[in-house]
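Everything on this sheet refers to the single structure shown next.
The values are calculated or read from the model by the stated rules, or taken from the named source; none is laboratory data. From a predicted model like this one, the values you see are computed outputs, not experimental measurements. Don't worry about glycine lacking a Cβ; one is built from the backbone with ideal geometry, like all the others, and counts go over all protein chains shown.
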Amino acid sequence: MKNANILFNRKLLIKNRNHASMAWDELNFLKIAASERLADRLEDLQRTFPLGLDLGAHAGEISCATLHNKKIEKCFRSDLAEKFHPHLVCDEEFLPFAPQSFDIILSGLSLHWVNDLPGTLIQCHRILKPEGLFLAVLPGTQTLWELRECFMLAEEKIYGGISPRIIPFPDIRDAASLLQRANFALPVADSEILTISYPDFYTILQDLRMGGEKNIMHERSSNPLSKRFLQLVAEIYSEKFTDVEGRLTVTVELVTLTGLANHGGQTGSGIAA
């Protein structure tokens with residue numbers, strides 16, 4: 001019997017991410033946006049970090065974005081996909097690092113694919129040094145809400161019911177509490193809404209597929225993405241979500257999580273110290 005907590009097929013994720021590496025420079029604009037936001041957070045801090053971990057690094061966008069401010073002296077890149085050439089190929093669900101190894105952990109648009117986010121956060125806390133900083137950007141619940149709605153409407157019309165087509169994203173209202181459950185001090189979660197425009201529905205779909213963001217849920221719909229079905233989704237999307245310039249709008253919510261490692265002592269204001 002399949003574990004109900006195992007939402008995602010991580011073997012498919014590895015395959016998808018390795019495939020994404022082949023044209024990543026054309027698809028990484030959201031990864032760059034997330035990385036720049038993390039770099040901005042570091043810019044405001046009056047401290048430096050000798051050793052950092054970029055968790056789910058892709059092509060190292062976070063390392064590039066943080067290079068100029070010199071807040072991280074050395075950044076170690078890890079990723080599931082070997083074709084992105086990280087320093088270490090590893091799974092975010094099973095972090096192979098000794099306790100209190102890093103001064104800072106950063107992650108940009110990768111942790112939404114872990115099956116046990118609280119468990120991964122607990123592992124991140126374990127491998128941070130006292131007062132170590134955790135910074136991550138994840139897509140929030142508003143991400144792809146237009147596409148989710150169009151899939152639901154089309155599936156109801158053609159198949160007479162709905163099923164998962166878009167993965168569940170973390171809710172900002174729960175994000176800070178997840179950090180707290182993992183024993184992070186001073187947990188903070190905030191979000192920013194980005195609106196992206198596309199010329200047509202099929203380009204949206206292509207970017208998701210080529211960028212390694214295809215649906216890998218074990219319980220994903222068995223109803224096929226037939227030509228008829230996709231045509232209906234495209235028609236609904238065009239009717240409901242076209243801007244004044246005739247382009248289709250796509251919402252992405254970037255949720256930023258911040259917390260300090262608390263290893264049993266008094267945790268001070270290390271975020272700004």
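So here's what we get for this one:
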{"read-out": "Some residue of the stretch 44-63 being at pLDDT below 95, farther than 21 Å from Pro170 by Cα and within 17 Å of the chain's Cα centre (by Cα)", "value": "yes"}
{"read-out": "Inter-residue pairs, beta-carbon under 8 Å, first touching a residue at least 24 places away in the same chain (Cβ under 8 Å) and within 10 Å of Gly211 (Cβ to Cβ) and in the stretch 13-27, second surrounded by fewer than 20 Cβ atoms within 10 Å (Cβ to Cβ) and β-branched (Val, Ile, Thr), 6+ apart", "value": "Asn16/Ile216"}
{"read-out": "Pair list, Cβ under 6 Å, 6 or more apart: the stretch 224-239 residue small (Gly, Ala, Ser), other residue surrounded by 13 or more Cβ atoms within 10 Å (Cβ to Cβ) and assigned to a helix (DSSP H, G or I)", "value": "Ala234/Phe201"}
{"read-out": "Extreme residue, surrounded by the fewest Cβ atoms within 10 Å (Cβ to Cβ), among residues of the stretch 205-257 that are in a loop (DSSP other than H, G, I, E, B) and of a type in the set (Ser, Thr, Tyr)", "value": "Ser222"}
{"read-out": "Asp174, sole failed condition from (1) of a type in the set (Asp, Glu); (2) assigned to a loop (DSSP other than H, G, I, E, B); (3) within 16 Å of the chain's Cα centre (by Cα)", "value": "(2)"}
{"read-out": "Single residue of the stretch 218-248 satisfying the filter (aliphatic (A, V, I, L, M) and more than 15 Å from Ile162 (Cα to Cα)) that is farthest from the chain's Cα centre (by Cα)", "value": "Val244"}
{"read-out": "Residue within the stretch 152-162 that is modelled with pLDDT under 95, of a type outside the set (Ser, Thr, Tyr) and closer than 30 Å to Glu131 by Cα present", "value": "no"}
{"read-out": "Answer from Gly119, Gly132, Gly108 - the residue that is under 30 Å from Ala234 (Cα atoms) and either crowded, with 18+ Cβ neighbours inside 10 Å or out of contact with any helix residue (DSSP H, G or I) (no Cβ under 6 Å at 6 or more places or on another chain) (or both)", "value": "Gly108"}
